[in-house]
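Participant: Following this message is one structure expressed as structure tokens.
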Amino acid sequence: MTGARVPHSAVVPGTTDNPVPAEAVVSYQRPAEGLPPVTDTPAALAAAAAALARGSGPIAVDAERASGFRYGQDAYLVQLRRQGAGTVLVDPLGAGDLSALAAALDGPEWVLHAADQDLPCLTALGLTAGALFDTELAARLLGRRHVGLGAVVEETLGLRLAKDHAAADWSTRPLPESWLVYAALDVELLLPLRDALAQELEAAGKADWAAQEFEYERTRPIRPTRIDAWRRTPRSGRAVRTPRSLAVLRELWTVREELARELDVTPSKVLPHRALVAAAVAQPSSRRRLASLREFSSRQGRQHQELWWQAVERALALPDDQLPPVHAPLAPGELPQPRSWGRHHPQSAAALELVRGAVRAQAELLRIPHELLLGTEVQRHLAWGIGEAAAAGERVDVSVAAVAVRLERLGARPWQVQQTSAPLSVALS
């Protein structure tokens, strides 16, 4: 397809209040300049990096992982597009050393959609952004109801992308052409979308808010590993209730995790979550009883049966004082779940209701999601600090200035402090 034949809508760009009408949306199924070859050799990567470095303006960036297939969240394809360079599809498995690409990407603004999903795996490849524009965050700040890339492109540019392979196993080699078309289209329109959203943010008086959010997203540290991650095994919360059953769950989860890492397979494909929960509830006292559980009759259950039994046996042999507590320990700085505050911390619970109400009212006024106006954890910590101080008999200053200081200490961005400190002060007074 040549550039002259690129489909376009007659009514663009659409905005939050005036999106492109559904009947005016045009299908956009192939890259306008044709599908580029995959950059999967060191020589091809050197040429691609040089072309990107010679290009101008921001760089559209995306990455494809093999979530649900492979262990971890590695990038198996990196898509890039820049004016003057076109679209580049990089295969990290074959392209070799990525330092030349990292140098080419160091400096220009990156444009991503839902950057928090892709930045960790890109960072792991040695690719880091010096500046960022997140089209999903922009759409959320503008109050869009639908913020997926396809929806934002349709409402803003009037074009419908092919979106058929989001859940594919991107570790597959060679990658099918239809998958590569999908991957190329994910960056094809990010640059004009960025410009349209930036213009709307400016008109709405939210450009500075967006800049602060983008910088926060770019510089935010990688989230630490959860304490006792095994406790989050799906469907275990209500079924696994005793210390001994929790020990069985923990041992099985740990063994499964180690095996999944070794095999480079997502853990649920090594042994389904329901099998871990079933064994934890049953606490089978022998290999035979473990094998008789329906959830262990699968190929995965039989294939590593001795490993599963050894894990169960270890858990059953633990002395009582080494069993995990029924309630998970809190990480440093972590608060109890708010549902328990009413019984044990009533003043914090009351403060949280006031904080939530004020934030939601202000968010509705500003037409943005309440959790974007002020993060859920910041809301909880603000209420907890005020409530616990009041419970201790301390005089609590909830003036606008005092609330602003509390929010700043909790990591709220300046725009969030500016927009919420006054309504929060009024609500808490």
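Participant: Only residues that are hydroxyl-bearing (Ser, Thr, Tyr), over 22 Å from the mean Cα position of the chain (by Cα) and either in a helix (DSSP H, G or I) or crowded, with 22+ Cβ neighbours inside 10 Å (or both): list them for the range 133-174, please.
Facilitator: THR156
Participant: Determine which member of the set VAL12, VAL61 is at pLDDT below 95 and touching a Leu at 6+ places or on another chain (Cβ under 6 Å).
Facilitator: VAL12
Participant: Applying the selection to the range 23-39, what residues are over 22 Å from TRP170 (Cβ atoms), in contact (Cβ under 8 Å) with a residue 24 or more places away in the chain and surrounded by fewer than 15 Cβ atoms within 10 Å (Cβ to Cβ)?
Facilitator: Within the range 23-39, ALA24, SER27 meet the criteria.
Participant: While we're on this one: So in the range 196-235, with the set limited to residues that are touching a Phe, Trp or Tyr at 6+ places or on another chain (Cβ under 9 Å) and aromatic (Phe, Trp, Tyr), which one is farthest from GLY333 (Cα to Cα)?
Facilitator: The extreme case among them is TRP209.
Participant: A further question follows. Would you point out which residue out of PRO243, PRO192 is open to solvent by 20 Å² or more (accessible area, probe 1.4 Å), assigned by the TED database to the domain that holds LEU316 and at pLDDT 90 or above?
Facilitator: PRO243
Participant: Restricting the search to the range 98-131, which residues are open to solvent by 30 Å² or more (accessible area, probe 1.4 Å), in contact (Cβ under 8 Å) with a residue 40 or more places away in the chain and charged (D, E, K, R)?
Facilitator: Those that are open to solvent by 30 Å² or more (accessible area, probe 1.4 Å), in contact (Cβ under 8 Å) with a residue 40 or more places away in the chain and charged (D, E, K, R): GLU109, ASP116.
Participant: Hey, another quick one. Just name the residue that is most open to solvent (accessible area, probe 1.4 Å) out of those in the range 314-340 that are farther than 17 Å from ARG232 by Cβ and in contact with a Lys or Arg (Cβ under 9 Å, 6 or more places away or on another chain).
Facilitator: ASP320
Participant: While we're looking at this one, here's another question. In the range 177-189, which residues are open to solvent by 50 Å² or more (accessible area, probe 1.4 Å) and either closer than 20 Å to TRP110 by Cβ or without any contact (Cβ under 8 Å) to a residue 60 or more places away in the chain (or both)?
Facilitator: SER178
Participant: Residues VAL403, VAL378: which one is in contact with a Ser or Thr (Cβ under 6 Å, 6 or more places away or on another chain) and crowded, with 19+ Cβ neighbours inside 10 Å?
Facilitator: Answer to the selection: VAL403.
Participant: Look through PRO92, PRO42, PRO19 and report the one residue that is farther than 30 Å from ARG145 by Cα and open to solvent by 30 Å² or more (accessible area, probe 1.4 Å).
Facilitator: Answer to the check: PRO42.
Participant: Hey, does the range 336-345 have a residue that's within 22 Å of GLN416 (Cα to Cα), in the same structural domain as GLN419 (by the TED database) and part of a helix (DSSP H, G or I)?
Facilitator: no
Participant: Kindly state which helices (runs of 4 or more DSSP H) lie completely within the range 350-429 and contain at least 1 residues that are more than 24 Å from the chain's Cα centre (by Cα).
Facilitator: Helices (runs of 4 or more DSSP H) meeting the threshold: 376-391, 400-409, 414-428.
The values are calculated or read from the model by the stated rules, or taken from the named source; none is laboratory data. Owing to the predicted nature of the structure, the values given are computational and were not obtained by experimental measurement. Reconstructed Cβ throughout: ideal geometry from the backbone, glycine too, with neighbour counts over all protein chains shown. For the accessible areas, the whole protein counts, side chains as well, though only heavy atoms, and no ligand, DNA or RNA atoms are used. Shrake-Rupley method; radii C 1.70, N 1.55, O 1.52, S 1.80 Å.
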